[in-house]
Structure formats: structure tokens, C-alpha cells
There are 2 protein chains.
Amino acid sequence: MEQKQKSELTKQIILDESFKLFYENGFKTTSIDKIMKATNLTKGAFYYHYKSKKELGLDVIGSKIQKRVYDGMITPLYQDGNALEILEITFSGRLKSFSLFDKQHGCPMNNFINEIADEEEAYQMALKRIIEEWKAALTHIIERGKKEKVINTLYSTDAISIYLISAFEGIRGIRKLYNDDDILDDYILGLNSYLKQLKA
Amino acid sequence: MEQKQKSELTKQIILDESFKLFYENGFKTTSIDKIMKATNLTKGAFYYHYKSKKELGLDVIGSKIQKRVYDGMITPLYQDGNALEILEITFSGRLKSFSLFDKQHGCPMNNFINEIADEEEAYQMALKRIIEEWKAALTHIIERGKKEKVINTLYSTDAISIYLISAFEGIRGIRKLYNDDDILDDYILGLNSYLKQLKA
DNA sequence: TAAAAAAAATACTAAGTAGTATGTTTTTGA
DNA sequence: TCAAAAACATACTACTTAGTATTTTTTTTA
């Protein structure tokens, strides 16, 4: 029993350090050696827990990145309250909550999408799953907003969802190019007027 | 004279093949060896024309990628006509014009931004320059639209520009995860209603 | 046409890469 | 307490990488 826990712990440590290094330096340029150096463990330990780097990548996406998006962007959408207000708070609030590191390195999910999604179908599917859950949460709150006569039923729920997700992921990349938050302020302004226009 | 032309030609060949391979497989995983194999030239030729891979990367961004964005998204914005219509045609038309390859591999600029922009300031600046020119073109057409009472002056020009660019670059990444164009249709729907709402 | 310069080819280095083979230590369960 | 299994360490392989040093070919120019 205790061994199983300790084993799970080391796997978690590998996972944590992997996420950090992938986030900071990208997936491809982060080697197993670098990861294991960061964990103070060795290659033997790694290949005991994972059969390949690809499997690690999929685990990082399916656990660390998924959780991050869930906590920041999905779970908040299931709370009660005015649908449009929740959308505004979730999208602009999340952006404002980012650390400098997070702003400089963009969205880990988006980084993965643009770095490796087109090279392996497995990565593509793992990332798609997160987007689909995000979309489902948006569908839920937008439909609720429509029912509660807060959001204009004229607009397609899918269209709103995709446009919101796209703009959010897009700005996370663009921000990398700048050294201040002016660009984020412009995005938030754009987001706010977009949301206002959805009003019923 | 003839030699200079031939020399420029080889450099152009290297540039063309580099762009193709970077676009298809990413910057980091595309080695000089692979590029030079594609050109049927050798490493000696490469290091005669470029002093490093970084210099090549900057050249690809500053020439190939810049030209692509110019031709597809910037130049069209300087034509005459209804500002909102031009925006709609440019953004949705460009998406519709993409080949399957382009859809599967996303936006070359966005790929660069998310893969390497945070690792080297030189890349960051080269990419930023393109975004700034794009933003300038959008500013131009939006301001014109406002003057001609086509676009509501209530909305911040910068906010509209950034929101448009973000959503466009965002969807280019998201599309990688899917195997059909439904997601693009949703984006176009979202874009169209967004633009309509900007009407004066 | 011959020396000089430019363009490209060949052969290399040193470091990094994913993954494997085989060892050693630690823990478990009978 | 002792064999077996689990967890990790060490040492390696075969390959790829960016970049360099040197040589050969091609072109220019005087």
C-alpha cells in the first residue's frame, strides 16, 4: 500500500516537472534527461513509469493541462447567476489573474496545439477532448442565458462558443510578442462589447 | 552579375524549402540537414548563405511569413468599399480559401508565435512587426468605416482590431484538432454577427 | 587565360536525443 | 526472514543535431 503511494508520488513529480518544462521551453526541446534532472531522479525511474515520451506528453495533456483549463475556464461556467456576467468574469477575470510567467509563455494548451497537434493523431485527440468539454460548458451557460432571456436567441450557441474560445486562445499567443498588458486591455474591451451585443 | 543572381536564387530555394518544412513539421524539429536534403544542396551551401539556423528563422519570418500575411490579410484591407463588407470578405474569405494542408497545419505565423516567440527576443520582434502592420491596416479601415458612418464610433478601434486578430489566429489553431470544417463555419457565423453588431 | 574570389561540397566534431539492458536497492507478502 | 517483485540507478547504444574546417568546383575579372 505504502509503496503504491510512493510510486504514484514519483509519477506525479515527473508529471509536475514535465508540465513546467514543457510550458517554459516547449515539448520538443524538453528532453527526458532535462526532466529527470529537474526531478533529481534518473532515466531508469522515468522508463519504469512511462513507456515513451509520447505517453508522457499525452499524460501531461490529459491530466495537468486538462485540470488547468477545467479550473480556470470550465468549472466557473457551471455556477449560478447572470449568464453574460459569468462569461465576462470568467474570460476577462482569468486573463487578469495570470502571472507574468503565464503571460509571457501563453496558454499551455494552445502551445501544444500549435506545436504538435498536427504531428500525431493521439495528441490531436487528447487536446480536442479538452476543447470539446470547454465548448460543452459554454453551450450550457449560453443556452441557460437564452432560456432566462439574458442572451439573444438570434445568435447561434456554437458560433458564440467558438468565437469566444478562438479569441481567448488567440490573445494568449499574441501577448507573447509584447512586453506589457496593453494588448490584453484591448482584448478585454473587445470581449466586453462583444458580450454586451449578445444581450437579449 | 549572373553569379549574384544565381546566388540569390539558391538562397531563395533554401528559404522556400525552409518555409515549407517549418510549416509542415515545426521549426525546432526541422534540421538544417533535412532542409538541405530537400534543396538537393549541401550543408556547405547553407552556411555560406546563413550564419546560423536562427538567422534563417528570422529570414523566413521576415520574408515568407510576412508576405503571406500581407497578401492574405493586410493588402485587402486597403481597398475601397464598405469597410464592414471588406472586413467580412477578408476574414471569412481567407479562411474559405485555405487548402486542406493549410487547415491541418494552421497559421505559420501563429505556429511560430506559439512555438518559439517566448524563447528568443529576436523572433518575438520579427513576429510582432507583422502583427503591428496587420493592426495598422485594421486601424485604417475601421477608422475609415467610422468616418463614413458604417462603423459605430462607440467601439474602440484597437479593441476591434485585437479581437478580430485574436479570434482569427485562435481558430487557425483550433481547426487543427478537427477533421472537418464545421468548426470554421461556426467561427464564420460568429465573425459575421460580431461584424454586424459593429454597424453604425 | 590565369589568379582571385565566390559558391558549394565533403568530412568532421562535440553535444544532445530517445530508448534499452542490466544492474542495485527497497519494499512486500508469505 | 527470505524470496519475489517493485522501484529506481547506471551505463550504454545508435542516431540526430548545429556548427566548423577544409577542400573542390565554378565564376569573375584583370
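Each row is one residue, and each column tells you yes or no for (1) more than 14 Å from chain B (Cβ to nearest Cβ); (2) in contact (Cβ under 8 Å) with a residue 12 or more places away in the chain; (3) part of a helix (DSSP H, G or I).
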position: A:I86; (1), (2), (3): yes, yes, yes
position: A:L95; (1), (2), (3): no, yes, yes
position: A:K128; (1), (2), (3): no, no, yes
position: A:K135; (1), (2), (3): no, yes, yes
position: A:T139; (1), (2), (3): no, yes, yes
position: A:R144; (1), (2), (3): yes, yes, yes
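Conditions (1) within 16 Å of DNA strand D (Cβ to nearest atom); (2) more than 21 Å from A:A117 (Cβ to Cβ), marked per residue:
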site	(1), (2)
A:Y23	no, no
A:D33	yes, yes
A:M36	yes, yes
A:T42	yes, yes
A:K51	yes, yes
A:K67	no, no
A:D71	no, yes
Enumerated helices (runs of 4 or more DSSP H) restricted to the stretch B:1-61, each holding at least 2 residues that are of a type in the set (S, T, N, Q) and within 21 Å of the chain's Cα centre (by Cα): B:2-25
Tally time: how many residues in the stretch B:105-123 are more than 11 Å from chain A (Cβ to nearest Cβ) and part of a helix (DSSP H, G or I)? 1
Do the conditions hold for A:D102, that is, is it open to solvent by 20 Å² or more (accessible area, probe 1.4 Å), among the charged types (D, E, K, R) and at the interface with chain B (Cβ under 9 Å from one of its Cβ atoms)? no
Look at A:N110 and say whether it is touching a residue at least 40 places away in the same chain (Cβ under 8 Å), closer than 25 Å to A:I13 by Cα and buried (at least 21 other Cβ atoms within 10 Å of the Cβ). yes
Going through the stretch A:41-67 in order, the residues found to be within 12 Å of DNA strand C (Cβ to nearest atom), open to solvent by less than 40 Å² (accessible area, probe 1.4 Å) and in contact (Cβ under 8 Å) with a residue 60 or more places away in the chain are A:G57
All positions within the stretch B:90-99 that are crowded, with 18+ Cβ neighbours inside 10 Å and under 16 Å from B:D182 (Cα atoms): B:S92, B:L95, B:F98
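For (1) small (G, A, S); (2) assigned by TED's automatic domain parsing to the domain that holds B:K64; (3) within 19 Å of the chain's Cα centre (by Cα), each residue gets a yes or a no:
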residue	(1), (2), (3)
B:E119	no, yes, no
B:A122	yes, yes, yes
B:K128	no, yes, yes
B:E148	no, yes, no
B:L154	no, yes, no
B:I183	no, yes, no
Scan the stretch B:171-195 for residues that are open to solvent by 30 Å² or more (accessible area, probe 1.4 Å) and touching a residue at least 40 places away in the same chain (Cβ under 8 Å) and jot them down. B:D181, B:N192
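The values are calculated or read from the model by the stated rules, or taken from the named source; none is laboratory data. Here the structure is a predicted model, which is why all the values come from computation and not from measurement. Please note: Cβ atoms are built from the backbone with ideal geometry, for glycine as well, and neighbour counts cover all protein chains shown. All accessible areas refer to the heavy atoms of the entire protein, side chains included, with ligands and DNA or RNA removed. Shrake-Rupley method; radii C 1.70, N 1.55, O 1.52, S 1.80 Å.
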